[in-house]
Amino acid sequence: MHDSIRKMDDVSRRRFIAGAASTFLGVSVMPWHRVLAAPAGGLAAAPKAQHVIYLYLTGGMSHLDTLDPKPGAQEQGPTEAIATNVPGIQLASHFKSLAKQADKIALIRSMTTKVGAHERGQYFMRTSYQPLATIQHPALGAWAMKLGAKSNATLPGNILVNGPSQHPGAGFFDTRYAPLRIGNPTDGLQNSTLPKGVTEDRFNHRLDLSRQLDRTFEMRYPHKQVKAYTDFYQDAVRLMKSEDLAAFDLEKESQATRAAYGDDRFAQGCLLARRLVEHGVKFIEVQHGGWDTHTDNFDRIEDLAGTLDQALGALLSDLSSKGLLDKTMVVVASEFGRTPKINANQGRDHHPKVFTTLLAGGGIRGGQVYGSSDKTGFAVADNPVEIPDFNATIAWAMGLPLDQIATSPSGRPFTVAHKGQPLTMLF
């Protein structure tokens, strides 16, 4: 009986315990509220997102020069707008590839926040919570692992590509929910092969010695944190010996495919994300830095947006052709927007009042715009969306219970998207 329970995944084990508690004790250990109040118009169809590829643009992307241009407005500056394959939707002229696939995307042009500093804004976007001195909140990928189930028992379910050291990671959750960090995506998974001169037999002998030492220590200190290290090593060894390790090898892609994405680390990170989705990884974040354009905004945006457009266009096309887009949500987000006013250095400054994000796949209805900014891009004109609502939309699409309570070590209750409500009308 105990062996059967141990072999269950986290979700199955929680359901078993909940059922047992209900049957024998007459109590429930499940969320306080089983169903969220349905938004106006009722809930949409069941979510479809089995995977998320989250493209995070650090620095604060200028919405006017990318996904929410204002043609004819003085504040627009030299950036021009172009039509897309969806009548009425325009993008900045840097997005020629994305413009041909606008029927796959949903733009949220009414994002708003009160956080205008980079580090705090990035933390808020990834966690739905303001940073506290006494606690580290889990990022969305860690919530996906905590409340969901792994699709691949060998590969990590949460992976961060090009990510910063200050990423919230697993927060106060167990370390097993933390993202596996990948530096340069073209290098494959580092330290995943046997050291030079170490045979398989010698390696297994070392493992046995390590297990014997660990077993004594674990018996003396039976804490979750201690066991987490043992589990980590076991998972690492299992991955080293698995065929799934090939998921990290971009050399298995044709030169034509790699060139279609682009040759920089962000572009190749997007290609790696597609390969990881094919191998069952649940949540992959790929970071693209450099969007803090206080100076030379227009020259820098041309390069930054060109890289994003090529990689994102290739990713959407690739996922679609492989039949993966319906079950993979692609997210493009930044911590805030940038001012309509152009400063003395031909740059734009921090602007949290309004900005734009993008969703595609995973059940999202493409070819639509939700909300809008005013005629200059200074403020929200209608349907404001706050960051917890945005994260709740992603979590809801993944089928995560938005009201399930997770308790921090200090005893405080938290939920996946704080008090956010999902934008179910986008599905």
Odd one out for residue 392, checked against (1) of a type in the set (Gly, Ala, Ser); (2) within 20 Å of residue 105 (Cα to Cα); (3) part of a strand (DSSP E or B): (3)
Matching option when the condition is touching a helix residue (DSSP H, G or I) at 6+ places or on another chain (Cβ under 7 Å), in contact (Cβ under 8 Å) with a residue 24 or more places away in the chain and of a type in the set (Val, Ile, Thr), among 127, 112, 154, 134: 154
Matching residues in segment 254-263 - criterion: being buried (at least 19 other Cβ atoms within 10 Å of the Cβ) and among the aliphatic types (A, V, I, L, M): 260
Failed criterion for residue 268 (all others in (1) in contact with a helix residue (DSSP H, G or I) (Cβ under 9 Å, 6 or more places away or on another chain); (2) closer than 23 Å to residue 48 by Cβ hold): (2)
Matching entry among 321, 334 (being touching a residue at least 60 places away in the same chain (Cβ under 8 Å) and of a type in the set (S, T, N, Q)): 334
Residues located in segment 47-83, provided they are free of Cβ contacts under 8 Å to residues at least 60 places away in the same chain, assigned to a loop (DSSP other than H, G, I, E, B) and either aliphatic (A, V, I, L, M) or under 11 Å from residue 377 (Cβ atoms) (or both): 69
Residue count, segment 299-322 (criterion: more than 21 Å from residue 274 (Cβ to Cβ) and either among the acidic types (Asp, Glu) or surrounded by fewer than 21 Cβ atoms within 10 Å (Cβ to Cβ) (or both)): 4
Matching residues, segment 382-417, being within 19 Å of residue 56 (Cβ to Cβ) and of a type outside the set (A, V, I, L, M, F, W, C): 386, 388, 389, 391, 393
Checking residue 386 against (1) of a type in the set (Asp, Glu); (2) surrounded by 17 or more Cβ atoms within 10 Å (Cβ to Cβ); (3) out of contact with any Ser or Thr (no Cβ under 7 Å at 6 or more places or on another chain), the condition it does not meet: (3)
Within segment 252-290, considering residues that are in a loop (DSSP other than H, G, I, E, B) and in contact with an Asp or Glu (Cβ under 9 Å, 6 or more places away or on another chain), the one nearest to residue 63 (Cα to Cα): 290
Subset of segment 286-319 [of a type in the set (Gly, Ala, Ser) and either in contact with a helix residue (DSSP H, G or I) (Cβ under 7 Å, 6 or more places away or on another chain) or modelled with pLDDT under 95 (or both)]: 290, 311, 313, 314
Residue satisfying all of: in segment 235-279; among the small types (Gly, Ala, Ser) and modelled with pLDDT of 95 or more; nearest to residue 151 (Cα to Cα) among these: 273
Residue within segment 264-275 that is surrounded by 24 or more Cβ atoms within 10 Å (Cβ to Cβ), more than 25 Å from residue 123 (Cα to Cα) and without any contact (Cβ under 8 Å) to a residue 60 or more places away in the chain present: no
Count of segment 84-94 residues which are assigned to a loop (DSSP other than H, G, I, E, B), in contact (Cβ under 8 Å) with a residue 60 or more places away in the chain and touching a strand residue (DSSP E or B) at 6+ places or on another chain (Cβ under 7 Å): 1
Test result for residue 328, modelled with pLDDT of 95 or more, crowded, with 24+ Cβ neighbours inside 10 Å and among the hydroxyl-bearing types (Ser, Thr, Tyr): yes
Set 341, 322: member being within 22 Å of residue 75 (Cβ to Cβ) and either among the basic types (Lys, Arg) or out of contact with any Pro (no Cβ under 9 Å at 6 or more places or on another chain) (or both): 341
Inter-residue pairs, beta-carbon under 8 Å, first assigned by TED's automatic domain parsing to the domain that holds residue 419 and in segment 385-407, second of a type in the set (Phe, Trp, Tyr) and in a loop (DSSP other than H, G, I, E, B), 6+ apart: 397/427; 403/32; 405/32; 406/173
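The values are calculated or read from the model by the stated rules, or taken from the named source; none is laboratory data. Fair warning: this is a prediction, and the values are worked out from it, not measured in the lab. Glycine gets a Cβ as well: all are built from the backbone with ideal geometry, and neighbour counts include every protein chain shown.
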